[in-house]
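S.K.: Take a look at this one; I'll ask things after.
The values are calculated or read from the model by the stated rules, or taken from the named source; none is laboratory data. What you are looking at is a predicted structure, and each value in this text was computed from that prediction instead of being measured. Ideal geometry is used to build each Cβ from the backbone, glycine not excepted, and the neighbour counts take in all protein chains shown. To get the accessible areas, we keep the full protein, side chains included, count just its heavy atoms, and leave off ligands, DNA and RNA. Shrake-Rupley method; radii C 1.70, N 1.55, O 1.52, S 1.80 Å.
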Amino acid sequence: MVTTPTNQPTTLTIPLKTWHPATWELFVRYCEESTFDEVRAFYNAGLIWVDMGNEGINHSNFCQLISMIFLAWFAKQGQREFSNLRGCVLEKPTQRGAAPDIVLYVGADFPQWQSGERRRINLDQWRVPNLVGEVADTTLPTDLDEKKHLYAALEIPEYWVIDVTGCRGFAFRLNEQGAYDTCDLSEALKGLPIVLLNQTVARLKTESNGGAALWFGRQLEKSNDMV
């Protein structure tokens, strides 16, 4: 017979989009008992944040643009091994967990699931991603504050926040003190000017994400022609 610990709620009822005290076990319950079509959960040193997992049109639009930017960039660079694991749960067991909108591994040593394993990326077993990011439709303040500190504590070397309302991006690189500094060039996408990322994202004010991605590709071709 399975019993529910008395210190845990019998239902998953944490209010959305606010940080609340919680145990690691509750975070795991959100990961395992809810599908990420329904919620996304984040955990940092005794605090949990829960957000809806279903995407609105704007959120999906911007997420897919970032995926297309990755493809165009790495195709130009001739980088054959990269993995865009959007929405995967990253965890440092008992300490921190997150479900970023953007999870990028560059190189062949990316996480691969084996039968019988948990469906989360255990950062005690796998290296950290080269880059994670959040697409901020309604969550910009926490993406630039609490989640930024969470990803720094997970030692993710690069963090992007894409502001849907402002059609702009913020890029941060981890410094030697374990905090994020703003950066003008991406390290994960070696040499990508963040200004070009912003120019591409800004095009979503007036055109489709496919059109913006094609424009991005043309800028890469132009820069190649000038070399």
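S.K.: Exposed loop sites here are GluC sites (Glu not before Pro) in DSSP loop states with at most 14 other C-beta atoms within 10 Å. What is the longest stretch of the chain lacking them?
M.R.: Details: sites that count: Glu38, Glu81, Glu117, Glu155, Glu176, Glu207.
Longest run free of exposed loop sites: 39-80.
S.K.: Given a cut-off of under 8 Å on Cα pairs at least six residues apart, what relative contact order in percent is computed for the chain?
M.R.: On the way: 354 pairs, mean separation 33.5, N = 227.
Relative contact order of the chain: 15 percent.
S.K.: In addition: Taking the Cα centre of the range 73-227 as origin and charging only Cβ (+1 Lys, Arg; -1 Asp, Glu), how large is the dipole, in debye to the nearest 20?
M.R.: On the way: 18 positive and 21 negative charges, 75 e Å.
Roughly 360 debye for the range 73-227.
S.K.: Hey, what does the equivalent ellipsoid look like for the range 113-224, semi-axes from the Cα gyration tensor as sqrt of 5 times each eigenvalue, largest first, whole Å? Numbers along the way, then the final one.
M.R.: Working: eigenvalues 142, 59, 52 Å².
For the range 113-224, the ellipsoid semi-axes come out as 27, 17, 16 Å.
S.K.: Continuing with this model, one more query. Once both axes come from the Cα atoms, what is the angle between helix 57-77 and the longest principal axis of the chain, in degrees from 0 to 90, rounded to 10?
M.R.: That works out to roughly 50 degrees.
S.K.: Report the rotationally averaged projected area of the chain based on its alpha-carbon convex hull, in square nanometres. Let's see the in-between values first.
M.R.: Details: hull surface 55.2 nm².
Result: 13.8 nm².
S.K.: Report ³J(HN,Hα) in whole Hz for each residue of the range 87-101, in order, from the Karplus equation J = 6.51 cos²θ - 1.76 cosθ + 1.60 where θ = phi - 60°; Gly and Pro get x.
M.R.: With coefficients 6.51, -1.76 and 1.60, one gets x, 5, 7, 9, 9, 10, x, 6, 10, 8, x, 7, 10, x, 5 Hz.
S.K.: With Kirkwood's inverse mean 1/r over C-alpha pairs for Rh, give me the Rg to Rh ratio of the range 172-227, two decimals please. It would help to have the intermediate numbers written out before the result.
M.R.: Details: Rg = 13.8 Å, Rh = 12.8 Å.
Taking Rg over the Kirkwood Rh, I get 1.08.
S.K.: Using only DSSP helix segments of four residues or longer, with each worth -39500 (n - 2.57), what per-residue ellipticity at 222 nm results for the chain after dividing by its residue count and rounding to 500?
M.R.: On the way: 6 runs with 70 residues, N = 227.
Helix contribution divided over all residues of the chain: -9500 deg cm²/dmol.
S.K.: Apply the Karplus parameterisation 6.51 cos²θ - 1.76 cosθ + 1.60, with θ equal to phi minus 60°, to every residue of the range 124-136 and state each ³J(HN,Hα) to the nearest whole Hz, in sequence, with x for glycine and proline.
M.R.: Here the 3J(HN,Hα) series is 7, 10, 10, 5, 6, x, 6, 7, 10, x, 10, 9, 9 Hz.
S.K.: Which one of Leu131, Ala108, Tyr151 has its Cα pushed farthest toward the positive end of the charge dipole of the range 96-151, where Lys and Arg give +1 and Asp and Glu give -1 at the Cβ?
M.R.: Final value for the positive-end residue is Ala108.
S.K.: Moving on to the next point. Mind scanning Lys148/Lys190; Lys190/Lys222; Lys76/Lys148; Lys76/Lys205; Lys17/Lys92; Lys92/Lys148 and naming the pairs with a C-alpha gap bigger than 24 Å?
M.R.: On the way: Lys148/Lys190 21 Å; Lys190/Lys222 18 Å; Lys76/Lys148 30 Å; Lys76/Lys205 26 Å; Lys17/Lys92 22 Å; Lys92/Lys148 16 Å.
Beyond 24 Å between Cα atoms: Lys76/Lys148; Lys76/Lys205.
S.K.: Enumerate by residue number the trypsin sites (Lys or Arg not before Pro) in the range 76-159 meeting two conditions: DSSP loop (anything except H, G, I, E, B), and at most 14 other Cβ atoms within 10 Å of the site's Cβ. Mind showing how you got there, number by number?
M.R.: Values: sites: Lys76, Arg80, Arg86, Arg96, Arg118, Arg119, Arg120, Arg127, Lys147, Lys148; in loops: Arg80, Arg86, Arg118, Arg119, Arg120, Arg127.
Filter output for the range 76-159: Arg80, Arg118, Arg119, Arg127.
S.K.: Roll a 1.4 Å probe over the protein chains and send me the accessible area per residue for the range 18-108 in Å².
M.R.: Values: 3920 Å² over 91 residues.
Spelled out: the 1.4 Å probe surface of the range 18-108, per residue, equals 43 Å².
S.K.: State, as an integer percentage, the relative contact order of the range 125-227 based on alpha-carbon contacts under 8 Å between residues 6 or more apart. Could the numbers behind the result be given before it?
M.R.: Values: 131 pairs, mean separation 19.8, N = 103.
Relative contact order of the range 125-227: 19 percent.
S.K.: Take the solvent-accessible surface of the protein heavy atoms, probe 1.4 Å, and return the percent of it on the range 71-191 that carbon and sulfur atoms account for. Working shown, then result.
M.R.: Numbers: 2730 of 5800 Å².
Solvent-exposed carbon and sulfur of the range 71-191 make up 47 percent of the total.
S.K.: Also, I was wondering about something else. Could you state the angle between the C-alpha long axis of helix 209-226 and the longest principal axis of the C-alpha atoms of the chain, as a value from 0 to 90 degrees rounded to the nearest 10?
M.R.: Roughly 50 degrees, rounded to the nearest 10.
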